[in-house]
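Please treat every number below as a calculation from the coordinates, not as lab data. Fair warning: this is a prediction, and the values are worked out from it, not measured in the lab. A quick note on method: Cβ atoms are made from the backbone with ideal geometry, for glycine too, and the neighbour counts reach across all protein chains shown.
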Amino acid sequence: MKYLPTAIAICTFCISFFSYSAPLDQLDKRQINDLKQGEVILIENQRKDLPWPQVEGHLKFEVSPLDALAIYTAFDIQKDYVPNLIESSPIEVRDVSKVFVRYEMNLPWPIPNNRYIHGHELIKRAENDYEVTWWMVESNSAKKVEGSARFYLSDDQTYMHYQSLVVPDSTFASLLKNSMLSDVRESLKVIRLKTHEFSKNQPKFMQEYRDLLIQTFQNKPAWKQKITKSQRPQLGDSNKDD
């Protein structure tokens, strides 16, 4: 989970590493069949100049695209279900749709906690087709992070297309590649599980975060109103020592 950039996990978003054709068109028949059976399809796009590949994930959800995005972008509650994530604090909003979030990941001693700030942009591409992109603002463990999660409807079924590129700031990064891929796969499974649980059991919660998205797409400062000044850490604080 510690490698999920939501997780969890986004300045203008650079799309040079990502393809924006119809996501299902990128899969073969076997992959599509596995996807419809509930499997997580994970694809590695290798780059010779980087220690980790750009990763794509495809998976099916049993909720609407808007509800799936609502849970994925409930930034302030990510710490409640992402393992080892001890802080996820929205700290700033720009241009209505750009939300900056401060994160802290608890790592085993003697490794220092992973602290970082990501920017996120909320996008409505079309009806029943939504996306959040993210990028790194600052981090004590990565040189670059960027990614996206798109939730869209195809044949009355909701799918997620996840894309992530992480450039770790470590000389041992190549040794952790398999661990990173395993973490991404498990993170996507947890996100889907929690999305279904919230959708089924927390109607008031769902309505709150659904409304945040709807108002954002109407160009209303919903997230800015949610963040109070007293709760707002300062940009630049994430790299302080314990």
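Estimate the FRET efficiency between Asp155 and Leu107 by the formula 1/(1 + (r/R0)^6), using the beta-carbon distance for r and 35 Å for R0, to the nearest 0.05.
It comes out at approximately 0.25.
If packing is taken as the average number of other Cβ atoms within 10 Å across a peptide's residues, how do 68-75, 124-131 rank, most packed first?
Averaged packing, sorted descending, gives the order 68-75, 124-131.
Among the listed pairs Lys98/Lys124; Lys36/Lys189; Lys194/Lys224; Lys98/Lys220; Lys79/Lys189, which are separated by more than 19 Å between their Cα atoms?
With Cα atoms farther than 19 Å apart: Lys194/Lys224.
Based on the mean of other beta carbon atoms within 10 Å per residue, what is the order of 44-53, 179-188, 133-142, most packed first?
133-142, 179-188, 44-53
Just order 144-156, 204-216 by mean Cβ neighbour count inside 10 Å, highest at the front, would you?
144-156, 204-216
Report the paramagnetic label zone for Phe205: residues of segment 81-100 whose backbone N is under 18 Å from a point 7 Å from Cα along the Cα-to-Cβ axis.
Within reach of a label on Phe205, which here means backbone N under 18 Å from a point 7 Å along Cα→Cβ, segment 81-100 contributes 81-90.
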